[in-house]
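Read through the structure below, which is laid out as structure tokens, and then see the notes.
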Amino acid sequence: MLDPPRLGLLRSSKLMRLARLVAQRCPMPLSGAGALTRARLQAPVLSALLLAGCTKPLPPLPAQPPIPSGQTLRVYTFAEYFGASTLSQFEAETGNKVTVDSYRTNEDMLKKLEQEPSRYDVIFPSSYAVEYLIRQGKLAEMQRERVPNLVHVMSEFRNPPYDPSMLHCIPYAWWVAGLGYLWNQSHPVSQPESLTTVFGPQGAEVAWMDDMRATMGMALRSLGHSPSSQQASDLLEVQRLLTSSLPRVVGIEDDPTDLLRTKRVELALGWSTDAFSLKRSDPNVRFTIPREGTLLYVDYACVLKSSEHAAVAFAFLNHLLSPTVAAEISNTRMLPMPNEPARRLLDTEMRWMWGTFEALRTRSHSYEALRDVGPAQPQYDKIWHELKAQLALQQQQRQAAAAEAAEAKKLQPSIAKKPASATSKSVTKRAAQPSSTSGQPTQKR
């Protein structure tokens, strides 16, 4: 049995913990748990507050500093990256204009920034490109007072190793690489389970995504290596694997699911966003994560250090983090955004995509993000360019062979009919004229 002093201490500590819980869940003028106990609220009162729920609203977000107007914000991003009203709403609310240029890959974006370092204010690089740009000193540090909506970012996305505490960028959207395939009730196919279905010399025709780091990263992962490996031996091994796969690769595409849509292939290495978007119009499309795991791609919105309109640029980042804006982008473009309040506003298909992420979280080592490969980058570039050149040559050879086969098929019926025609004419001629006694063969026409 506890003595009275210790019993009182225990009761006090329990009361403090309960008071802190109330202070967290029920904002009120009193300043925290200490004020609650000083106000002599007893445990029954605190418990009643929790059970009854809190009717007072959460405290408002910190006020933003004034946003300059009359400026033109220059945005450089992937194509089809915003909702129908994302830009027009920002322009109407702030009095600024937004211009947008798009790029296909992170490598294209980085090359453009090297050529014109001061042309843009906001960019949307993927994780490994963020790491590279931070190391190069090209990204502005976050002006947090201008981005109060940072509080909406999900905790899992707040501390990437290359940009802890979102010191430079906000996480914009995420997706994963995996296997898209066609399923038909009248002709069901088994679900592909391994990356060996898209890599290697044996198997059905496939399509790959035209993303160097993603395709090479998944191939490296299939070999048991890091998708961001800098080891020369790993890169040589993955080059051999990819080269051996080319005879059954129909195309390396921006969106491999286009070949699923046209039924040109039944299996593709692609992005979850593209597969789920196609599933909206074709319910036979499926998407699965291979047993070797996947790559978690996160694209970020960052302000360049060279930006001439930094205040407007950070206000634009804050706009993108607004729950209603984020939800519209997600539902329109099938881009899952790591915004906690926005998840409650999502369509059914988007909730399915979030289910993919939730499933990955339960499997250890099932995904990882790409990292900057530093001095190994030229080797990656060389392998990829050689691979695409070899595929282009093979495609030309296939097309030439197909054209020859088609031409031969056209000629075959006429060749088959020609002897019969000649024989018929010869018979007719012999019937009309006396037989030749010279012993000479009839002349061919």
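FYI, it's all coordinate maths here, none of it is from the lab. What you see is a predicted model; the values in this text were computed from it and never measured. Cβ sites come from the backbone with ideal geometry, for glycine too, and all protein chains shown count toward neighbours.
Checking the a/c ratio against 1.5 first, then a/b against b/c, what shape does the Cα gyration tensor give for the range 225-283? Cα axes put the range 225-283 in the oblate bin. Evaluating 6.51 cos²θ - 1.76 cosθ + 1.60 at θ = phi - 60° for every residue in the range 372-379, the Karplus couplings come out as 5, 9, x, x, 7, 4, x, 5 Hz, glycine and proline recorded as x. Sites listed here are GluC sites (Glu not before Pro) in the range 80-186 whose DSSP assignment is loop and whose Cβ has at most 13 other Cβ atoms within 10 Å: Glu80, Glu141. Taking the fewest neighbouring Cβ atoms within 10 Å as the starting point, the ordered list for Phe157, Phe124, Phe316 is Phe157, Phe124, Phe316.
Considering only Cα-Cα distances, which of the following residue pairs are longer than 18 Å: Lys111/Lys382; Lys112/Lys138; Lys279/Lys388? As for pairs spanning more than 18 Å Cα to Cα, those are Lys279/Lys388. What you get for the range 88-236, charging only the Cβ of Lys and Arg (+1) and of Asp and Glu (-1), is a dipole of about 180 debye around the Cα centre. Going by neighbour counts of Cβ atoms within 10 Å, the residues Met212, Met154 line up, fewest first, as Met154, Met212.
Restricting the trypsin sites (Lys or Arg not before Pro) of the range 311-413 to loop positions (DSSP other than H, G, I, E, B) with no more than 14 neighbouring Cβ atoms within 10 Å leaves Arg344, Arg363. Spatially, the range 327-388 and the range 70-93 are offset by 22 Å when compared through their Cα centroids. Near Tyr367, the amide H atoms lying under 5 Å from its own belong to Thr294; only residues 5 or more places off or on other chains count, and H is placed 1.01 Å from N. Neighbours of Gly224, meaning other residues whose beta-carbon lies under 12 angstrom from its beta-carbon, give a summed charge of -2 when Lys and Arg score +1 and Asp and Glu score -1. Which of the aspartates and glutamates could a cross-linker bridge to Lys263, judged by Cα under 17 Å and excluding same-chain residues fewer than eight apart? Excluding near neighbours in sequence, the set is Glu205, Glu253, Asp254, Asp255, Asp274, Asp282. Taking other Cβ atoms within 10 Å as a rough exposure proxy, His385, His225, His152 sort from fewest to most as His385, His225, His152. Here the simple spin-label model places points 7 Å from the Cα toward Cβ, and for Lys410 and Glu116 these points are separated by 4.6 nm.
Counting Lys and Arg as +1 and Asp and Glu as -1 over every other residue whose Cβ lies under 11 Å from the Cβ of Ala311, the net charge comes to -2. Each Lys or Arg adds one and each Asp or Glu takes one away; over the other residues whose Cβ falls under 14 Å from the Cβ of Ala327, this sums to 0.
Most tightly packed first, judged by the mean number of other beta-carbon atoms within 10 Å of their residues, the peptides 190-196, 81-87 read 81-87, 190-196.
Between Gln379 and Asn184, the contour length at 0.36 nm per residue exceeds the Cα-Cα span by 66.1 nm.
Under the classification rounded if a/c is under 1.5, otherwise prolate if a/b is larger than b/c and oblate if not, where does the range 170-285 fall, given a ≥ b ≥ c as square roots of the Cα gyration tensor eigenvalues? Oblate, because a/c is 1.5 or more while a/b does not exceed b/c.
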